[in-house]
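Asks: Take a look at this one; I'll ask things after.
The values are calculated or read from the model by the stated rules, or taken from the named source; none is laboratory data. If you're wondering where the values come from, they're calculated on a predicted model, not measured in any experiment. Quick reminder, even Gly has a Cβ in these numbers, built from the backbone with ideal geometry, and neighbours come from all protein chains shown. For the accessible areas, the whole protein counts, side chains as well, though only heavy atoms, and no ligand, DNA or RNA atoms are used. Shrake-Rupley method; radii C 1.70, N 1.55, O 1.52, S 1.80 Å.
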Amino acid sequence: MKPPTHLALLSLLVLGGPAASAQNAAGTPPAEEGAQPTGESAPAGGADERIITITYDGGTRNSPDLRYGPYVYRHPDPEGIVATVSNLTVYTQRGELRAPEGVLIAEAEGERAASFTGGVRVVQGRLTATGPALNYSEATGRGRMPQETAIVVTPAEGGDDVTNIAADTVTFDVDTDTSVSEGNVTLTSGNQDAEAQELVFEEGRDLAVLTDEGAQAVARRENDDGTFLTITADEIRVLTGSDVLLATGNVEIVDGAVTSTGSTVYYDDETSRAEIIGNPARSVDEEFGSTITGGRIEQRTDTDAVRQLSDPTPSFDAAQFRLTSETA
């Protein structure tokens with residue numbers, strides 16, 4: 001599944017420090033030691049909220065050409081360089097800002113690219129991501145961590161579970177609180193975990209959408225006895241804050257000897273209740289050799305009880321699992 005949000009244009013503005021002298025006779029640019037950049041503040045609202053500010057107090061900024069760049073930032077502190085844009089902050093040790101060839105870097109907003117290396121920590125609201133590097137491209141409007149990335153999302157309320165995400169790559173949307181993780185994605189929250197090849201996570205709503213092109217996403221819940229309830233589906237949506245999920249497309253839910261299948265499964269971990277909808281939905285208990293079919297089935301995972309429901313109307317609201325971009 002392609003990322004459901006269009007990542008907006010990222011404009012980069014570096015606030016310059018004291019004016020640097022010209023290159024020396026050897027052609028090596030001077031370094032601005034210990035500079036704390038200050039400068040014009042961007043007006044609030046609109047595209048200006050996407051402008052990034054880079055500070056490097058105690059570090060250096062070098063450039064072979066201060067008019068055309070690139071600007072290269074270095075700092076002895078692993079998080080000495082701080083870059084902020086909208087609701088996202090980057091902490092790192094090395095950075096570079098580039099303009100297209102032949103274009104003045106001060107006049108290249110909307111066309112420039114920035115890269116941060118040497119270890120990066122990215123903070124977006126309650127989400128913190130760590131990895132080797134982060135790249136911004138104004139041309140594509142994406143901020144991407146291109147290598148193995150670990151994400152931790154702290155709960156909105158005390159006592160709730162922390163959510164951990166690991167993936168090969170992560171792309172951030174600076175206009176929203178949405179990230180897209182791709183490649184060998186795993187999500188863990190409390191006694192639940194999930195696996196997929198792509199995960200769209202909307203941090204403000206603790207909503208995760210998992211898909212696996214050419215295969216199926218998998219979600220598991222560990223039972224008290226160490227066994228697992230396992231759900232596989234074409235798409236799985238999890239509200240990690242409330243421990244409910246909605247699985248759609250060729251869904252199978254396995255809990256011990258009971259296997260249920262349908263087109264849609266809603267599962268509430270707090271009530272240990274699964275609602276299976278299909279044409280028909282089907283539940284097989286291998287231990288007792290019983291089968292139940294119907295348009296709507298209820299499966300209690302705490303008591304292993306399964307029953308057919310006469311009312312075809314779902315008890316849940318599927319709209320709560322929609323991304324903000326899908327409801328706009």
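Asks: Just to verify a result, which residue in the range 117-127, among those that are surrounded by 16 or more Cβ atoms within 10 Å (Cβ to Cβ) and β-branched (Val, Ile, Thr), is modelled with the highest pLDDT?
Replies: Applying the filter and picking the extreme gives Val120.
Asks: Okay, moving on. Tally up the residues in the range 161-188 that are in a loop (DSSP other than H, G, I, E, B) and open to solvent by 10 Å² or more (accessible area, probe 1.4 Å), please.
Replies: Going through the range 161-188, the residues in a loop (DSSP other than H, G, I, E, B) turn out to be 161-162, 168, 173-177.
Cutting the leftovers down to open to solvent by 10 Å² or more (accessible area, probe 1.4 Å) gives us 161-162, 168, 175-177.
Number of matching residues: 6.
Asks: Looking only at the range 229-238, count how many residues are out of contact with any Gly (no Cβ under 9 Å at 6 or more places or on another chain) and either farther than 20 Å from Val185 by Cα or surrounded by 17 or more Cβ atoms within 10 Å (Cβ to Cβ) (or both). Write out each step before concluding.
Replies: Narrowing the range 229-238 to residues out of contact with any Gly (no Cβ under 9 Å at 6 or more places or on another chain): 230-232, 236-238.
Still in the running and either farther than 20 Å from Val185 by Cα or surrounded by 17 or more Cβ atoms within 10 Å (Cβ to Cβ) (or both): 231-232, 236-238.
So the count comes out to 5.
Asks: Mind listing whichever residues of the range 269-307 are closer than 20 Å to Arg237 by Cα, open to solvent by less than 30 Å² (accessible area, probe 1.4 Å) and either outside any strand (DSSP E or B) or among the charged types (D, E, K, R) (or both)?
Replies: Listed by number, the residues that qualify are Asp269, Ser272, Glu275, Arg296, Glu298, Thr301.
Asks: Got at least one residue in the range 97-116 being touching a residue at least 12 places away in the same chain (Cβ under 8 Å), part of a strand (DSSP E or B), under 18 Å from the mean Cα position of the chain (by Cα) and crowded, with 17+ Cβ neighbours inside 10 Å?
Replies: Within the range 97-116, none of the residues are touching a residue at least 12 places away in the same chain (Cβ under 8 Å), part of a strand (DSSP E or B), under 18 Å from the mean Cα position of the chain (by Cα) and crowded, with 17+ Cβ neighbours inside 10 Å.
Asks: So which residues in the range 66-86 are open to solvent by less than 60 Å² (accessible area, probe 1.4 Å) and farther than 11 Å from Phe116 by Cα?
Replies: Taking the range 66-86 and keeping what is open to solvent by less than 60 Å² (accessible area, probe 1.4 Å), we get 69-73, 75, 80-85.
Gly69, Pro70, Tyr71, His75, Gly80, Thr84, Val85, listed by residue number.
Asks: If you scan the range 250-261, which residues turn out to be under 29 Å from the mean Cα position of the chain (by Cα) and either surrounded by 21 or more Cβ atoms within 10 Å (Cβ to Cβ) or under 16 Å from Gln308 (Cβ atoms) (or both)? Give the steps one after another, and end with the answer.
Replies: In the first step, residues of the range 250-261 are kept if they are under 29 Å from the mean Cα position of the chain (by Cα); the result is 250-254.
Within the range 250-261, Val251, Ile253 meet the criteria.
Asks: Related question: Give me a count of the residues in the range 213-263 that are more than 21 Å from Val162 (Cα to Cα), modelled with pLDDT of 95 or more and among the charged types (D, E, K, R).
Replies: 3
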